[in-house]
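Okay, so here's the structure we're looking at.
The values are calculated or read from the model by the stated rules, or taken from the named source; none is laboratory data. Everything numeric in this text was worked out from a predicted model, so none of it was measured. Reconstructed Cβ throughout: ideal geometry from the backbone, glycine too, with neighbour counts over all protein chains shown.
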């Protein structure tokens, strides 16, 4: 059995990024941001937090690009990811139906085909990136440093710099960074950093300056939009496919990459990091999402809190959601370990191994021939 050499600094970063995502969902799904008076203390805290946390999605894609070196499709991992998505999509649906959950053709199709019907937008895009990654890696391996750098420059200019500087122009990515075009750019940027960027100086200062620029842009654009009525919106630099979000996720990665974690904390970190994807699938399921942000922490409830309670809740609620969802995901893991001994599961795993072997042979032939 091959021992996995984990970088626990990056495992901590993955947990932090999931906290960032929960924070973003809290602020977005409750729509609380739109109710806060401009430049009030709560408004300033919320948009400062958003300036820091909004790069979380890019961060996960960057980590994938940095560490994903395989030049063949990993069928076991593919089935593992798809199985988790399908499990939570169906299981949570079945729990909420008796409790008054909506039943309709649309809900049923989305539940049983969560990728096709975009139950989780991130995974719908990520799974395509996952399938394309081996082919991208094969191509990247053929490039020298100059070729790889030129590829990155072209991608970043047209998919990151252009939307930042010319938001009114027609964009190659119409999703504000939530589509495969931006994911591919960040993935390839991550692979370049793995090969050629061993360290970055002044990471903390750079991250702080970038966050301040994003936040200040919000204030300036609020004023400009209010006075001119420009349709670009005031949150331009908060989009995933802008220069500063790429800078933020890159600097965050290098800050945590070099952190050395004491042995006594590694089990605790691993407990949470193994369930990061599960936390996303649980709390972002439509039924759980409505329960969290439309009932328990609905805007009508939040607006009744004092400023101090609201600001404290911005830090406490994401942590509570993360902990509870992690515990729930470990129940699934416990059930999965016992199900692994069932004979049907052995047959399924044997089938997956067979598929993996054929794919490995196919990719081996392509790599040896030098044809992509």
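Please go through segment 283-308 and give me each residue that is without any contact (Cβ under 8 Å) to a residue 24 or more places away in the chain and surrounded by 12 or more Cβ atoms within 10 Å (Cβ to Cβ), ordered by number. Within segment 283-308, 290, 291, 305 qualify. When segment 144-197 is filtered for residues that are modelled with pLDDT under 90, within 11 Å of residue 241 (Cβ to Cβ) and either surrounded by fewer than 16 Cβ atoms within 10 Å (Cβ to Cβ) or touching a strand residue (DSSP E or B) at 6+ places or on another chain (Cβ under 9 Å) (or both), the ones remaining, listed by number, are 172, 174. The selection criterion, being within 23 Å of the chain's Cα centre (by Cα), in a helix (DSSP H, G or I) and either under 30 Å from residue 336 (Cβ atoms) or at pLDDT 90 or above (or both), does not hold for residue 106. Per the listing 60, 91, the residue uniquely touching a residue at least 12 places away in the same chain (Cβ under 8 Å) and at negative phi is 60.
Of all residues assigned to segment 54-68, none qualifies as being over 17 Å from the mean Cα position of the chain (by Cα), buried (at least 19 other Cβ atoms within 10 Å of the Cβ), at pLDDT 90 or above and assigned to a helix (DSSP H, G or I).
Those residues that are part of a helix (DSSP H, G or I), within 14 Å of the chain's Cα centre (by Cα) and more than 9 Å from residue 62 (Cα to Cα), I need them from segment 170-193; list them, please. Residues satisfying the conditions are 180, 182, 184.
Among all positions in segment 328-348, there is at least one residue which is at pLDDT 90 or above, surrounded by fewer than 11 Cβ atoms within 10 Å (Cβ to Cβ) and in a helix (DSSP H, G or I). In this structure, residue 268 does satisfy being farther than 24 Å from residue 94 by Cβ and out of contact with any helix residue (DSSP H, G or I) (no Cβ under 6 Å at 6 or more places or on another chain). The residues of segment 109-122 that are assigned to a helix (DSSP H, G or I) and in contact with a helix residue (DSSP H, G or I) (Cβ under 6 Å, 6 or more places away or on another chain) amount to a single one, 111.
One residue is enough: does segment 131-142 have a residue meeting the conditions touching a helix residue (DSSP H, G or I) at 6+ places or on another chain (Cβ under 6 Å), part of a helix (DSSP H, G or I), surrounded by 18 or more Cβ atoms within 10 Å (Cβ to Cβ) and touching a residue at least 60 places away in the same chain (Cβ under 8 Å)? Within segment 131-142, none of the residues are touching a helix residue (DSSP H, G or I) at 6+ places or on another chain (Cβ under 6 Å), part of a helix (DSSP H, G or I), surrounded by 18 or more Cβ atoms within 10 Å (Cβ to Cβ) and touching a residue at least 60 places away in the same chain (Cβ under 8 Å).
Taking segment 196-214 as the range and being in contact with a helix residue (DSSP H, G or I) (Cβ under 7 Å, 6 or more places away or on another chain) and part of a helix (DSSP H, G or I) as the test, the residues that pass are 196, 203, 204, 206, 207, 210, 211, 213, 214. Scan segment 269-287 for residues that are modelled with pLDDT of 95 or more and part of a helix (DSSP H, G or I) and the total you get is 13. In the condition set (1) modelled with pLDDT under 95; (2) part of a helix (DSSP H, G or I); (3) in contact with a helix residue (DSSP H, G or I) (Cβ under 7 Å, 6 or more places away or on another chain), residue 38 is compliant with all but (2).
Residue 73 falls short on exactly one of the conditions (1) part of a helix (DSSP H, G or I); (2) over 20 Å from the mean Cα position of the chain (by Cα), and that condition is (1).
Residues in segment 219-256 that are in a helix (DSSP H, G or I) and without any contact (Cβ under 8 Å) to a residue 24 or more places away in the chain were compared, and the one that is farthest from residue 43 (Cα to Cα) is 228.
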